Amino acid sequence: MSLPRRLVAVARPALRQAGSAPQRTCRQSAFLSPHFRSVQLQRTLHSQASRSAQLAVSEADAEPVAESTNPALSFPCLDKQESRSASLSSRSSGPEPSYTTGKHLNFRSREPILLDWGGILPEFNVAYETWGTLNKDRSNAVLLHTGLSASSHAHSTEINPQPGWWENFIGPGKPLDTDKYFVICTNVIGGCFGSTGPSSIDPANGERYATRFPILTMEDMVRAQFRLLDSLHIERLYASVGSSMGGMLSLASGALFPDRVGRIVSISAAARSHPYSIAMRHTQRQVLMMDPHWNRGFYYDGVPPHSGMKLAREIATVTYRSGPEWEQRFGRRRADASRPPALCPDFLIETYLDHAGEKWCLSYDPNSLLYVSKAMDLFDLGQDHRNRINKVRQDNAGKLQAYLDGRAPATGAESDLCSLTLPEKPYEEKEQPTEESEVNIDAVEAAPADLVAGLKPLANTPALVLGVASDILFPAWQQKEIANTLKRTGNKNVTHIELGEEKSLFGHDTFLLDLKNVGGAVQSFLG
């Protein structure tokens, strides 16, 4: 008998005495998966066999057993995910986490709102927070727009002293100077931090919307915000300010309500979503929707799709920071170079991404990620797109009136606008003439006539457009496109700033971190 088979034969009696798996000392032992028990069994087999190798065993006493040359790898990263699912399943209070960042103010609109793609919210809530004091003529209000996953908590308040996501940018003498301005920040509709979204209760049936929530656009979010401004009796904003998705919302505010917005700040954003950012958000949605726990959006009474959310956040984090910064921070260093390589997080950059996903996977509603990110993909301030949406809104005006009258809306072609039929034949790349296939970056940065027409309402609105050279999610040429387009509308008051890599290596997240360059530019422009 070969030595490996002898080792197996020696180990088998010991395993029968010890049981099918060793005792775990960690608190998650109750949630071991069958896969994990199998791995532990193989490990015990090898260790027991090694300790008993000196025992003499005859070939007649051993049973022939086929074994692998090498032990199976362990997967602690998967064990952790399985353990979390088991833990969430056993929670008596219900598995769905509470998505909140603390106390905030609430505006409740009892009037229904018609959304761009034909959906109706019978009523809706907007969570918001404020800093500073509104002056007597109500002319010093600044509307601050958030990024995709941020709450209204941009700065600490008396009722919520926790630091906000733009804590160092707001306050006396800061870029958003609360000695001068009355700053308002909202959680967008579709979100999960107090504003109406997929996790909210549908007043029509008393159940959570889930994926019965209607498709949203950036413009829908802006209209809801201006309902809040109406309730505060603010006729005109001193400024509309935003970064990332917030920079898109800031542009949309000025385009929709040019007479109500005094100036615009758009940082690391775009006037229309471009293919790369759409592709990255698509992959995030796909890994989330492929999580079995997502259950087509109806997971609120079960285990939330935390594994899909974790992977979605890791993909997003790759786009938020830059290669040069990570080269400095992580290089090719491994978390523990003394140990053999693993398929689970091993390099420092992997452990960083893993931590980013772990930290976030239960702090944001998965359905909100789907809806809000899709709204970003749909964003396009070009005139052709606006004409199409305006036509859809006109066609659905009767739908809103029917709701107000208590009647069932008439069904028609518009009722299928949010449906999708996949083509039978898959997409095939078509060959392009050589001169068309070569990308001309100057042509890409130019101001398309369609976009010039769409931004025409901003021709008289002073604007600050800021980009970052190390940003891969919203590359600096996209901010240059905004600035060039605004100038083509006849706007004579456009300030365009691009931070080179010598000033910022933080990529897209620069707007959160660079108080000197980003904050300084905002303060100078507003002042």
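The values are calculated or read from the model by the stated rules, or taken from the named source; none is laboratory data. Because the structure is predicted, anything quoted here is derived from the model rather than measured. Every residue, glycine as well, gets a Cβ built from its backbone with ideal geometry; the counts of neighbours run over all protein chains shown. Side chains included, ligands, DNA and RNA excluded: accessible areas come from the protein's heavy atoms. Shrake-Rupley method; radii C 1.70, N 1.55, O 1.52, S 1.80 Å.
Of the trypsin sites (Lys or Arg not before Pro) found in the stretch 445-527, those in coil by DSSP whose Cβ has at most 11 other Cβ atoms within 10 Å are LYS492. Taking all protein chains together, GLU123, GLU235, GLU428 sort by accessible area into GLU235, GLU428, GLU123, largest first [probe 1.4 Å].
Estimated at the nearest 10 Å², the accessible area of MET218 is 0 Å² with a 1.4 Å probe. For the peptides 158-169, 324-335, 176-187, the ranking by mean Cβ contacts within 10 Å, running from highest to lowest, is 176-187, 158-169, 324-335. Using the Cβ of ALA154 as centre and a radius below 9 Å, the other residues enclosed give a net charge of -2, where K and R count +1 and D and E count -1. Partners of LYS425 within straight-line reach, counting lysines whose Cα lies under 25 Å from its Cα and excluding those fewer than 8 residues away in the same chain: LYS374. Between the beta carbons of CYS77 and SER98, assuming R0 = 41 Å, the FRET efficiency works out to 0.95 to the nearest 0.05. Give the separation of the Cα centroids, the stretch 209-235 to the stretch 87-156, in Å. What the calculation gives is 10 Å, centre to centre. Model label points for GLU235 and ILE389, set 7 angstrom from Cα along the Cα-to-Cβ axis, are 2.7 nm apart. Evaluating 6.51 cos²θ - 1.76 cosθ + 1.60 at θ = phi - 60° for every residue in the stretch 477-482, the Karplus couplings come out as 5, 6, 6, 5, 4, 4 Hz, glycine and proline recorded as x. The figure for GLU498 is an accessible area of roughly 100 square angstrom, using a 1.4 Å probe on the protein chains alone. Under 5 Å between amide hydrogens, built in the peptide plane, is the criterion, and for SER470 it picks out GLY507 among residues at least 5 positions away or on other chains. The modelled label-to-label distance between ALA459 and ASN70, using points 7 Å beyond Cα along the C-beta direction, is 6.9 nm. The trypsin sites (Lys or Arg not before Pro) of the stretch 181-286 that DSSP puts in a loop, and whose beta carbon has at most 14 other beta carbons within 10 Å, are ARG236. Within straight-line reach of LYS492, meaning a Cα separation under 23 Å, sit the following lysines at least 8 residues removed in sequence or on another chain: LYS456, LYS480.
Net charge in the neighbourhood of ARG263 (other residues with Cβ under 14 Å of its Cβ; Lys, Arg +1, Asp, Glu -1) is +3.
A straight Cα-to-Cα reach below 16 Å connects LYS180 with the lysines LYS136, residues fewer than 8 places away in its own chain not being considered.
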